[in-house]
Amino acid sequence: MTLSRGLTFGFLALFAVSCGDTWGKKPHVTTPYVLQVPTGFPQPALPEDNPLTVEGILLGRQLFYDPILSLDSSQSCGSCHNTAFGFTDNGLTYSVGVDGSEGDRNSMPLHNLAWHQSFFWDGRSPSLREQSLDPISNPIEMKEDVLHVVEKLQRQPRYQDAFTAAFGDEEVTPERMGLAMEQFMLTILSGGESKFDRFIAGTESLTAEETLGMQLFNGESNPNSPTPGADCFHCHGGALFTNHKLMNNGLDSVLTDLGLGAVTGLATDNGKFKVPSLRNIAYTAPYMHDGRFQTLEEVVEFYNSGVHPNSPNLDPSMVGFVQTHSGGAMGLNLTLTQRQALVAFLNTLTDTRVETDTLYQNPFK
Amino acid sequence: MKKLILPLLAVSLLFASCDPESKPEIVNLEVVVQPVFGSANTPVAYNSQQFPMGTDTVKFTRNDFIISEFALLDEQGARVDIRNEYAFLSLPDRNSFTLPTSLTPGHYSGFAFTVGLDSTINHGDPSLWGGTHPLNPAVNNLHWGWTGGYIFAAMEGYYQKDGAETPWLYHIALMENRMEVVVETPLDLTDFKTLTLNLDLEAFFKAVHSLSPNEDGDFSHSTFDNGLAHKLSENLSQSFRFASLENQTP
């Protein structure tokens, strides 16, 4: 055998080995899903190892709304993330678990998660696939063993079909559950259809009050500036109305919930919580990680005069909220008219699509 | 004879690729920026280490930058521009970037870049950048939204004021505050190299203008600040210096 002939045989052998696994097997075909990014939004960095498919999203949606995930089949993810409340928990301060246990953090809204890099108020989960499994086994939430959920799902023909459609076979694993729920939650969007978005698109005008609110929202709090500002944009700026960071906004001078600090063990992270998006904020009362404020007016008043300058790890971005202005008082020193204008502007961020889009609704109803 | 051509070609390619003396026809350049404090190049521990600053002490929590308009300086000092490249640095974690594999190998006399952007890019549509691009606002958190443009440098930390830890914040933006940086040093870029620059955070407060949060103001968003942001931009442009040039590790 010559050297060249040997090389040829070698290539053929390699080819045969690489194709052997697929011979005689029906290929698994899924339908790609293209996320329709709202105009003006930055492009998201979607997970490359979990491409969106129609089949994966549908499976994820079924899992999200199926109470079989909980210990006594009484609660689904959707129980505490209701579309009618912007995917939050029905106006409750704290959610209540399957055995009546009350949580200690306010239910977070679920939208535009494709742009987030960490999840939960304390940022403890680096991905949606991991986040989505956490409430299942959390003793104050669904209180169920994830592996027991796997067993329950495997017994259901509906899920045998759905897992086969999404992943190529009917095997149910926690990893696949997480991937499917990640896909569904990545598709939940808020943007493009609010009054504010229509204003940006030039198809609708803001009222004078809303316009004033927008100017205050995007203005800096600076004693040297001739115009007042509420300095909201530093943390809630851009099309997504959040910077996705974990920060201490000065709620307390003595911390009772350490937030990120309890996750990392670092004193310098104490008091830091995720900066939430302000899109759909009118839907998601009460506010802050512990739901301490019932209304947007209370929230605005906190930022106007209630930020604690000695709060540990107060974020440097909050420096404008603890300045002393010419009037002598510390804070933003906004008038009642200005505070009301801010609330009016925040209400322009409401996008009813989150409540009406059938793609987000419970598929079992 | 024909039967031998393919094997001979493969063997010759193998030898060529293993030649330790061969030099690439094009190279890239990895750039690392490491934060230090003072001429002694004291390493900076973020959000913990206090440094003296006049009558104050300061510590650093955030040093984020948008960088563009890269260039190598040839041996006569003329710019060899590296166009359409952008970087986002967030020290200390995101502290490096790589300029593309299209640089002409050779000996250069320096490296230049701008902290900031040209006007077209700065005021262009930020939603067009890809999901992981340095100019994507979701990546860098430095876009001002509808007020327009990017913050070129976000410098933040704490200082002592009346015995209490107090935030300081300087967000340097606007075209008049773009910072041109030139680091003049012989650079042998005949191979794939890593250039390490020190960013001297003491020089950020002292290089041209001696400033301190306590005496000159503890925040600026680049407007209504009595020129503080511009002074800081002049300091920052003089705060980078050469640290090392080494072969890239495979």
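Tabulated values for the structure
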{"item": "Nearest-20 debye value, chain A charge dipole, Cβ charges on Lys, Arg, Asp, Glu", "result": "760"}
{"item": "Neighbouring partner chain Cβ atoms per residue of B:218-225, average, 10 Å criterion", "result": "5"}
{"item": "Cα gyration tensor shape for chain A, rounded if a/c is under 1.5, else prolate or oblate", "result": "prolate"}
{"item": "Value of relative contact order over chain B, rounded to a whole percent, pairs C-alpha under 8 Å and six or more apart", "result": "23"}
{"item": "Between helix A:157-167 and chain A: long-axis angle, C-alpha atoms, 0 to 90°, nearest 10", "result": "90"}
{"item": "Shielding by partners, peptide B:133-140 (average Cβ within 10 angstrom, other chains)", "result": "5"}
{"item": "Span from the segment A:148-187 Cα centroid across to the segment B:37-66 one, whole angstrom", "result": "50"}
{"item": "Distance between segment A:291-365 and segment A:198-262 - C-alpha centres, whole angstrom", "result": "7"}
{"item": "Built amide H within the under 5 Å cut-off of B:Leu103, gap 5+", "result": "B:Val27"}
{"item": "Ranked by how many other beta carbons lie within 10 Å on average, peptides B:157-163, A:213-219, B:38-44 from highest", "result": "A:213-219, B:157-163, B:38-44"}
{"item": "Under-5 Å amide H pairs with A:Asn248, H placed in peptide plane, nonlocal only", "result": "A:Phe273, A:Asp315"}
{"item": "Rotationally averaged projected area of segment B:24-247 (alpha carbon convex hull; nm²)", "result": "12.7"}
{"item": "Rounded to 10°, Cα long-axis angle of helix A:3-20 versus longest principal axis of chain A", "result": "70"}
{"item": "Backbone HN-Hα couplings from phi across segment A:260-270 [Karplus 6.51/-1.76/1.60, Hz, Gly and Pro as x]", "result": "4, x, 6, 7, 8, x, 9, 4, 6, 9, 4"}
{"item": "Test item: A:219-226 mean partner chain Cβ contacts at 10 Å", "result": "4"}
{"item": "On Cα atoms only, tilt of A:174-186 relative to the major axis of chain A in degrees", "result": "50"}
{"item": "Rg/Rg_ref, the protein assembly as shown, where Rg_ref = 2.2 N^0.38 Å and atoms are Cα", "result": "1.11"}
{"item": "Mean Cβ count within 10 Å, highest first, over the residues of peptides B:92-98, A:289-295", "result": "A:289-295, B:92-98"}
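Every number in this text was worked out from the coordinates using simple rules, so none of it is lab data. Everything quoted here is computed from the prediction, not taken from an experiment. Heads up, the Cβs are rebuilt from the backbone with ideal geometry, glycines too, and the neighbour counts pull from every protein chain shown.
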